[in-house]
1. Please go through the stretch 288-332 and write out the trypsin sites (Lys or Arg not before Pro) that DSSP classes as loop and that have at most 14 other C-beta atoms within 10 Å.
2. Against the longest principal axis of the chain, how steep is helix 95-110, in degrees 0 to 90 to the nearest 10, with axes from Cα atoms?
3. Can you classify the chain as rounded, prolate or oblate using the Cα gyration tensor, where a ≥ b ≥ c are the square roots of its eigenvalues, rounded means a/c under 1.5, and otherwise it's prolate if a/b beats b/c and oblate if not?
4. How much accessible area per residue does the chain have, counting only protein heavy atoms and a probe of 1.4 Å, in square angstrom?
5. In degrees, nearest 10, range 0 to 90: what is the angle between the Cα axis of helix 12-23 and the longest Cα principal axis of the chain?
6. Quick one: Cα convex hull volume of the stretch 169-281, Å³ per residue?
7. If DNA, RNA and ligands are ignored and the probe is 1.4 Å, what is the ranking of S23, S273, S240 by accessible area, most exposed first?
8. Separation between the R264 and R163 pseudo-spin-labels, each 7 Å from Cα along Cα→Cβ, expressed in nm?
Amino acid sequence: MTSKVVVVGAGVVGAACAFHAASAGLDVTVVDRGAVGAGTTSRGEGNVLLSDKEPGPELDLARLSRALWEEAGEELGSDSIELEAKGGLVVASTAEGLTTLRGFALRQATAGVRTEPVEHVRDIEPHLAPGLPGGIHYPQDAQVQPVLAAAAMLHAAVARGARFHTGEIAAAVMGRGDRLTGVRTVAGDVLPADAVVNAAGTWGGEVGRRLGAPIEVLPRRGFVLVTEPLPRMVRHKVYSADYVANVASSDAGLETSCVVEGTRGGTILIGASRERVGFDTTMNPAVVARLAAQACRLFPFLRGIHLIRTYRGFRPYCPDHLPVIGPDPRAPGVIH
């Protein structure tokens with residue numbers, strides 16, 4: 001008999017789970033309260049990065065992810081998901097910062113990441129500010145267009161027999177012996193399931209609670225700026241060395257670190273900020289101004305460029321900085 005799997009979340013992670021489960025011949029239903037990729041997936045940059053992760057579980061998962069994205073690009077078509085192996089360039093602003101960055105890169109190289117010290121960063125990014133002491137090039141860093149990627153994977157899953165159901169999960173449905181038999185939506189629909197995959201991203205903590213398997217996933221709000229379309233001025237994903245420290249930080253307050261990258265459409269994306277403010281979506285012009293100023297220091301030509309929009313959203317954050325992935329021993333049949 002074919003196992004029935006319900007995937008909660010139609011973002012890039014849920015779509016990937018549905019794609020692989022359907023490809024394996026399982027009976028798959030994807031459920032989301034909104035449209036495909038409407039949550040965190042539509043509010044991020046599509047980073048597939050090795051460069052910002054210390055050796056350990058997150059880096060191990062990121063290396064696997066990088067290989068799987070390559071496979072997905074071959075199967076779905078790289079253009080359909082805008083998979084681009086552009087590489088990353090991390091730049092230091094001081095000699096002391098460069099020493100720290102080189103030590104970090106050495107630890108990553110020992111763990112299997114390709115790292116290339118760069119003495120003259122303007123040789124590979126000519127529009128960077130003069131006087132930067134150096135950096136590290138990460139040729140394995142890549143990017144996808146996250147909404148296109150989620151849509152392409154879900155489309156491929158549907159072609160393999162999966163279904164997409166709009167609704168919000170209310171609770172697990174249990175049978176005899178506390179065996180999971182399905183999930184109930186807020187509207188009252190019951191979706192039969194032998195297993196439920198919690199792929200709700202930032203909202204995964206609440207979904208886990210409703211399934212009897214609470215996990216500590218918190219939202220961190222982030223802003224991204226988008227410029228007018230330009231000729232190709234930024235060739236890599238370029239960011240300052242303090243980005244790595246900020247990503248790994250547990251501070252609740254506002255942190256910003258400069259990330260600048262071009263897109264295939266010609267726009268330039270500028271980030272990144274992070275702050276724990278719950279699910280507050282308030283627009284904060286001060287954060288936008290701060291990000292813009294940092295980007296202009298890194299790439300002075302941006303001072304004469306127009307911003308056309310800014311967007312913001314929530315990224316899932318776990319206090320221990322470890323991935324939440326696998327079956328939950330407290331609720332047989334629930335997989336995070």
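1. Those satisfying the criteria are R330.
2. Tilt of helix 95-110: around 40 degrees.
3. Since a/c reaches 1.5 and a/b is larger than b/c, the shape of the chain is classed as prolate.
4. It amounts to 45 Å² per residue over the chain.
5. That works out to roughly 50 degrees.
6. 165 Å³
7. Order by accessible area, largest first: S23, S240, S273.
8. Simple spin-label model gives 3.3 nm for this pair.
The values are calculated or read from the model by the stated rules, or taken from the named source; none is laboratory data. Since we're looking at a predicted model, the values are computed, not measured. Backbone-built Cβ (ideal geometry, glycine too); neighbour counts: all protein chains shown. Surface areas here come from the heavy atoms of the whole protein model, side chains and all, with no ligands, DNA or RNA. Shrake-Rupley method; radii C 1.70, N 1.55, O 1.52, S 1.80 Å.
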